[in-house]
Amino acid sequence: MQDVWIDFADRAFMKWILAIPHIDEESVTFRVTPIALQSLTGLDLDVTLRPWREDEIIGRGKGVARASIANDPLDGEHYYVDVPLSDFTPWTPKSPQLYTAEVRLKKAGHLLDEATVRFGMREIDVVNGDYKLNGKSLWIRGSNLVHEWEWASVIDDNEVDYLVTEAR
C-alpha cells in the first residue's frame, strides 16, 4: 500500500507547477497547468517568492490563464508567469540555497487552488561535452553502471574496463 494525497480545490486545480530558473536573466519562470471540472476563463495566477524557511518576500509575478477539462492524465494547457529575482544565491552542492513559491489560482479574486513549491536557482548545461552548473564546470564522479548477476562472467577480471572505461 502507498500513501494517498488528497488536495482540495474549488472548481479548478493546478495539476503541475514547474519552476524554470534563468540565472543570467535574474528571473524564474513558472509553468502552471490548471485543470477544471468545467471550462473556466479569466483566471489569475499569482506567484510570491521567499527564501526557504523565511518570511521576507523577494519576488512577485502575475499571469492569466484558463482551465479546461482534461480526461487524459497528460493533457492540460500550460501558462507561464515570469518573476524577476535579482537578489538570489545560485544553488550549488556547497551552497544549496532553496526558495519557495506560493502559487495561487483565482477567479474574480476568489481562491480556487493554492500550492507551495520549493526550488533552487540553478541551470545545468552541456557545453562542448562538459557539464556546466550555473555556467561553471561540474565534475560528475561515480558510475550508474550496475553489476548484474547474469553478467558476472562477462566482467570478471575486466572490472576496470567495465567500471572506468564504460563510465567515461
Going from most exposed to least, what order do Leu98, Leu43 have by accessible area with a 1.4 Å probe? Leu98, Leu43
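Can you work out the FRET efficiency for the pair Arg31 and Asp157, with r the C-beta to C-beta distance and R0 = 41 Å, to the nearest 0.05?
Values: r = 50 Å, r/R0 = 1.22.
Rounded to the nearest 0.05, the efficiency is 0.25.
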Taking every Cα atom in segment 62-143, find the radius of gyration and the maximum pairwise distance Dmax, and write them in Å. 17.8, 52
Taking R0 as 22 Å, what's the FRET efficiency between Thr41 and Val4 from their Cβ-Cβ distance, rounded to 0.05? 0.10
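Show me 79-85, 132-138 ranked by packing, highest mean number of other Cβ atoms within 10 Å first.
On the way: 79-85: 17.6, 132-138: 13.4.
Ranked from most to least packed, the peptides come out as 79-85, 132-138.
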Placing each pseudo-label 7 Å from Cα in the direction of the beta carbon, Leu98 and Arg60 end up separated by a distance in nanometres of 2.6
Once you charge only the Cβ atoms, +1 for Lys and Arg and -1 for Asp and Glu, what is the size of the charge dipole of segment 19-147 about its Cα centre, to the nearest 20 debye? 260
Rounded Å value of the spacing that divides the Cα centres of segment 82-96 and segment 1-68: 19
Loop chymotrypsin sites (Phe, Trp or Tyr not before Pro), segment 1-53 (other Cβ atoms within 10 Å of the site Cβ: 11 or fewer; DSSP): Trp5, Phe8
Could I have the simple spin-label model distance between Trp52 and Ala108, label points 7 Å from Cα toward Cβ, reported in nm to one decimal? 4.0
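Count neighbours as other Cβ atoms within 10 Å of each site's Cβ, and list the GluC sites (Glu not before Pro) in segment 35-128 that are DSSP loop with at most 14 such neighbours. Before the final figure, lay out each step's value.
Details: sites: Glu54, Glu56, Glu77, Glu102, Glu114, Glu123; in loops: Glu54, Glu56, Glu77, Glu123.
Hits after loop and neighbour filter: Glu54, Glu56, Glu77.
So if R0 is 41 Å, what FRET efficiency would Ile140 and Tyr80 give, r being the distance between their Cβ atoms, rounded to the nearest 0.05? Display every interim value, and only then the final one.
Numbers: r = 30 Å, r/R0 = 0.74.
Result of the calculation: an efficiency of 0.85.
The values are calculated or read from the model by the stated rules, or taken from the named source; none is laboratory data. These numbers were taken from a predicted model, which means no experiment stands behind them. Using ideal geometry, Cβ is built from the backbone for each residue, glycine included, and neighbour counts are taken over all protein chains shown. SASA here: full protein model, heavy atoms, side chains in, ligands and nucleic acids out. Shrake-Rupley method; radii C 1.70, N 1.55, O 1.52, S 1.80 Å.
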